[in-house]
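The values are calculated or read from the model by the stated rules, or taken from the named source; none is laboratory data. Because the structure is predicted, anything quoted here is derived from the model rather than measured. With ideal geometry, Cβ positions are generated from the backbone for all residues, glycine too; neighbour counts draw on all protein chains shown.
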Amino acid sequence: MRNEADQRGTITRPSGDSSDARVHLSALSGIPELLESFGVASAPMLEQFHIARADLLDAKRSERYADMDRLIGLCAKETRCAHFGLMMSRSISLESLGIAGRLARHSPTVAAALSALVRHFSLHDTGGSLSLAVGDEETTFSYTIHAAARQSSEQIYDLCVGAMINIMRQLCGAEWRPDTIMLPRKRPRDIRPFLTILGAPLQFDALHAAIVFSSRWLAQPVSGADPVLYELLQNRAHTDIAEQDPLLFSEVRRAIGKLLPDGRCSRTAIARELGMHQRTLGRRLKSSGTTFKELLDETRSEHARQLLHDTTAPIARIAQSLGYKNPTVFTRAFRKWYGMTPRDFRNVTGNHN
């Protein structure tokens with residue numbers, strides 16, 4: 001049945017909720033101190049999600065991505081801080097990201113560190129993924145949400161971009177500077193916190209959450225890296241990844257998200273990206289109760305919804321970023337998903353161009 005807006009202007013989601021996505025709590029360890037700096041008691045807030053303060057220090061503890069999305073949104077509401085996620089990012093380091101982060105910390109070069117982090121990030125977070133696009137002059141390091149729960153996507157993207165800045169400074173040293181910081185959110189009224197914490201040229205209404213920097217940094221050795229520990233961590237990370245389902249939804253959707261903007265997002269291309277034959281991919285998806293087309297539609301619909309709500313990017317530009325050569329085709333697909341046009345969606349959600 002077609003999804004429609006109800007009388008209160010609430011937009012329902014298409015099917016395929018990806019509710020099994022999880023994230024480890026270690027990256028959220030700064031929440032209690034930050035809440036209390038605003039005069040908000042942290043214990044009652046965490047208890048709503050059955051989390052104790054000690055749980056945030058447990059490297060093995062994970063929770064549903066949707067619940068952590070709600071928690072961060074609630075924190076922003078209770079503190080009345082529109083950039084709460086950005087402030088949270090200040091407490092995140094490579095060590096916050098579990099074995100993937102520790103492996104990156106002891107990699108021989110910055111290029112190896114970022115590649116290891118991208119490859120093993122699903123051990124920490126299955127609700128989103130990191131990607132790295134290396135060019136001759138510039139490299140783009142980005143984070144994309146794949147989980148369907150996106151009540152607080154602005155806060156999460158602010159958090160993740162801030163964390164990526166911290167990671168690069170930790171790997172490269174204090175002299176590292178990004179060329180551009182891309183945020184898929186509307187320009188806030190007060191950008192001073194963003195300038196203070198991120199400290200780089202800011203691009204709001206971007207289609208991706210990313211940082212862009214000179215590719216020359218990739219060859220730099222990682223200071224203090226331990227080669228013996230690197231080998232041990234690499235073996236452990238490979239073992240842990242091998243135990244995961246190779247069709248973990250975040251991996252398939254990561255590949256879709258990576259190839260969408262170039263218009264190369266076919267089943268064949270996705271199978272090649274995942275290192276398997278397209279017929280194998282089709283069989284594995286079918287046995288999991290889904291199809292490539294369903295995952296493609298789900299990914300497109302969620303990205304479209306987030307970009308229309310959180311940015312003022314032109315609809316034609318959003319359509320292109322989702323692999324639609326014709327905005328009319330995108331409008332037709334969006335109406336099928338949500339029962340209204342992209343422009344009507346913006347009107348309902350109060351985000352007008």
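Given the criteria surrounded by fewer than 20 Cβ atoms within 10 Å (Cβ to Cβ), among the charged types (D, E, K, R) and farther than 25 Å from ALA21 by Cα, does ARG189 qualify?
Taking the combined requirement at face value, the residue satisfies it.
For segment 288-323, what are the residues that are without any contact (Cβ under 8 Å) to a residue 40 or more places away in the chain, under 22 Å from the mean Cα position of the chain (by Cα) and in a loop (DSSP other than H, G, I, E, B)?
Hit for segment 288-323 is PRO314, nothing else.
Condition check ((1) in a strand (DSSP E or B); (2) within 30 Å of ASP297 (Cβ to Cβ)) across all residues:
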residue	(1), (2)
THR144	yes, yes
MET164	no, yes
GLU175	no, no
ARG189	no, no
PHE194	no, no
VAL212	yes, yes
SER223	no, no
GLN234	no, no
ASP240	no, no
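Is segment 201-211 home to any residue that is in contact with a His (Cβ under 7 Å, 6 or more places away or on another chain), among the small types (Gly, Ala, Ser) and under 24 Å from SER89 (Cβ atoms)?
no
Looking at (1) surrounded by fewer than 21 Cβ atoms within 10 Å (Cβ to Cβ); (2) at pLDDT 95 or above, find the lone condition where MET164 falls short.
Evaluating MET164 over (1) surrounded by fewer than 21 Cβ atoms within 10 Å (Cβ to Cβ); (2) at pLDDT 95 or above leaves (1) as the failure.
Kindly check whether there is at least one residue in segment 111-134 that is assigned to a helix (DSSP H, G or I), of a type in the set (Phe, Trp, Tyr), under 25 Å from ALA255 (Cβ atoms) and touching a residue at least 40 places away in the same chain (Cβ under 8 Å).
Within segment 111-134, not a single residue is assigned to a helix (DSSP H, G or I), of a type in the set (Phe, Trp, Tyr), under 25 Å from ALA255 (Cβ atoms) and touching a residue at least 40 places away in the same chain (Cβ under 8 Å).
For residues in segment 192-206 being touching a residue at least 40 places away in the same chain (Cβ under 8 Å) and under 25 Å from ALA113 (Cα atoms), which is surrounded by the most Cβ atoms within 10 Å (Cβ to Cβ)?
Only one residue fits best here, namely LEU198.
Filter segment 12-49 for residues that are of a type in the set (A, V, I, L, M, F, W, C) and touching a Ser or Thr at 6+ places or on another chain (Cβ under 7 Å); which is modelled with the lowest pLDDT?
ALA21
Inside segment 33-63, can you point out the residues that are within 23 Å of GLU95 (Cβ to Cβ) and of a type in the set (D, E, K, R)?
Passing the criteria: GLU33, GLU36, ARG53, ASP55, ASP58, LYS60, ARG61, GLU63.
Take PRO221 and tell me if it is in contact with a strand residue (DSSP E or B) (Cβ under 9 Å, 6 or more places away or on another chain), modelled with pLDDT of 85 or more and not charged (D, E, K, R).
In short, yes.
Need the failing condition index for LEU285 against (1) at pLDDT below 85; (2) surrounded by fewer than 15 Cβ atoms within 10 Å (Cβ to Cβ); (3) not β-branched (Val, Ile, Thr), just the number.
Going through the list (1) at pLDDT below 85; (2) surrounded by fewer than 15 Cβ atoms within 10 Å (Cβ to Cβ); (3) not β-branched (Val, Ile, Thr), LEU285 breaks only (2).
Scan segment 89-104 and report the pairs whose first residue is more than 16 Å from ASP58 (Cβ to Cβ) and whose second residue is of a type in the set (Phe, Trp, Tyr) and surrounded by 20 or more Cβ atoms within 10 Å (Cβ to Cβ), with Cβ atoms within less than 9 Å and a gap of 6+ or a chain change.
Short answer, once both residue conditions are applied: ALA100/PHE121; LEU103/TYR230.
Within segment 292-307, can you find the residues that are crowded, with 22+ Cβ neighbours inside 10 Å and more than 14 Å from ALA147 (Cα to Cα)?
LEU307, the sole residue that qualifies.
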